[in-house]
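Heads up: the structure comes next, in structure tokens.
The values are calculated or read from the model by the stated rules, or taken from the named source; none is laboratory data. Quick caveat: nothing in here was measured; it's all calculated off a predicted structure. Calculation scope for accessible area: heavy atoms of the full protein, side chains included, ligands and nucleic acids excluded. Shrake-Rupley method; radii C 1.70, N 1.55, O 1.52, S 1.80 Å.
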Amino acid sequence: MSDEAVILVIEDEVPMRRFLRALVAGHGLRVVEAASGEEGIALAASHAPDVILLDLGLPGVDGLEVTRRIREWSETPIIVISARGLEEDKVRALDLGADDYLTKPFGASELLARLRVALRHAGRRAAEGADPRFVLGDLEVDLAARVVRVRGEEVHLTPIEYRLLALLVRHAGRVLTHRHFLREIWGPGASGQDHYVRVHMSQLRRKIEEDPAQPRYVITETGVGYRLRTDA
Ligand code: CA
């Protein structure tokens, strides 16, 4: 991780803020803290953080509203933090432009993995021309040549299966919601047709996963969407 990276933590609960600060600051990252949504929006503007860790359960301006407001002018990756069982809030935050989420309680390694992915995407946004070749275990995706290989053998995907996979690759490590897939691949008319995504994802898995029932590459995030792993 970059030594210079600044992480803005927006969280009203003092013990949680202290926990996050301890985890993040222990890894050479600078932490800026906000105790409310209003303060968080102000610090996002004044400190230009590299990543924002945002608790959804804030008094006053809540996390969803903070996401909406920050997305009006900033593309800084936002990782939302929420309680287990609040899948709808996570989906809403992701659809408003948040990049990822963490479910309480989470451990240091999970938090750091999410931060690493977010920082990488932040760097990619700044630096044009990412590597078009993606390799994960036995899976190889060449976005420039539009070729997918498993154990060196070319796999033939339908156009929709390819677009699902390419979208996952471009956002590797991040969760993508059903709505995100529908919007990007089928367009606005397909809104609400989550089963399109499930059907084609299951066909894609049959072609790229060794055991589609125990997927190694594309992970299901129950009630939210799918995530392509970055290590397998
Ligand atoms: Ca809270």
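Report, please, the projected area of the stretch 1-64 averaged over directions, based on the convex hull of its C-alpha atoms, in nm². So the mean shadow area of the Cα hull is 3.9 nm². With all protein chains in place and a 1.4 Å probe, the accessible surface of the chain carries 49 percent carbon and sulfur. Across q = 0.14, 0.15, 0.20, 0.25 Å⁻¹, the stretch 90-173 modelled as identical point scatterers on its alpha-carbon atoms has Debye log10 I(q)/I(0) values of -0.64, -0.72, -1.06, -1.22, in the order of the q list.
Suppose a student asked you for the relative contact order of the stretch 20-120, using Cα pairs under 8 Å spaced at least 6 residues apart; what percent would you report?
Details: 123 pairs, mean separation 24.3, N = 101.
Once divided by the residue count of the stretch 20-120, the mean separation gives 24 percent.
Taking every alpha-carbon pair under 8 Å whose residues sit at least 6 apart, the stretch 48-185 reaches a relative contact order of 19 percent. Against the main long axis of the alpha-carbon atoms of the chain, helix 159-170 sits at an angle near 30°. In the stretch 33-147, inverting the average of 1/r over every pair of distinct C-alpha atoms gives 15.5 Å as the Kirkwood radius.
Normalised by the number of residues in the chain, the mean separation of alpha-carbon contacts (under 8 Å, six or more apart) gives a relative contact order of 14 percent. For Val24, the accessible surface of its heavy atoms amounts to roughly 0 Å² (probe 1.4 Å, protein chains only, rounded to the nearest 10).
For the chain, the solvent-accessible area with a 1.4 angstrom probe is 49 square angstrom per residue. Treating each Cα of the chain as an identical point scatterer and ignoring solvent, apply the Debye formula and state log10 I(q)/I(0) at q = 0.18 Å⁻¹. Treating every Cα as an identical point scatterer, log10 I(q)/I(0) equals -1.36.
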